[in-house]
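Engineer: Have a look at the structure that comes next, please.
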Amino acid sequence: MARTADTAIWFRETLEDESAFRAWYDGALPRVYGYLLHRCGGQRSVAEDLTQEAFVELVRSRRSFDGRSDPMTWVIGIARHKLADHFRRLAREERKRLRVVRGPVANDASTETWAASERRQEIWRAMERLPTMQRAALTLHYMDDLPVSAVAAELGKSEAAIGSLLARGRETLRRELPTLNEVDDD
């Protein structure tokens, strides 16, 4: 318990001291940005906005940090919440557009082969065509390796709804990417 309190005190002090925070931030920024960029399908502006939102929230809620986790784990968790908020926002916008019409996506890119890079881009193009909530469920479940219950909590849906979103998303990807069937499901 003392370690938890020590970590919480250290991190709060780091956040209060401008130079200490800058040093920590300079190390944390690329990790948070990379985490988000990978999950946004390479959309830099989205990843930049969500990264900024995550750090703003970190500073805003700094007093709630209790030291039970590493500060980097905590900020990545905040970033995950911001990503889920982003997906929910996109889903709301998508529903609004549909009503109007109906009425009057930490691999190191330097080690990737060209074929793997092309494959990843092909998958992201297919994912971008999925309804937002399917894309969100697939991203959080397969890229973040979150269990269905955690995805449900993040997206404010039932586990059954997430299971359905995952199944429909996988099926659509299999139809659009026939070679996906050749890859083993983990």
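Engineer: Per the 1.4 Å probe, what fraction of the accessible area of region 2-58, in percent, lies on carbon and sulfur atoms?
Structural biologist: Values: 1630 of 3250 Å².
Using a 1.4 Å probe with all protein chains present, region 2-58 comes out at 50 percent carbon and sulfur.
Engineer: With every protein chain kept in the model, how would you rank ILE9, ILE78, ILE123 by accessible area, 1.4 Å probe, largest at the top? Working shown, then result.
Structural biologist: Numbers: ILE9 85, ILE78 15, ILE123 50 Å².
Order by accessible area, largest first: ILE9, ILE123, ILE78.
The values are calculated or read from the model by the stated rules, or taken from the named source; none is laboratory data. The shown structure was predicted, so the numbers you read here are calculated from the model rather than taken from an experiment. These accessible areas exclude ligands, DNA and RNA; they are computed on the full protein's heavy atoms, side chains included. Shrake-Rupley method; radii C 1.70, N 1.55, O 1.52, S 1.80 Å.
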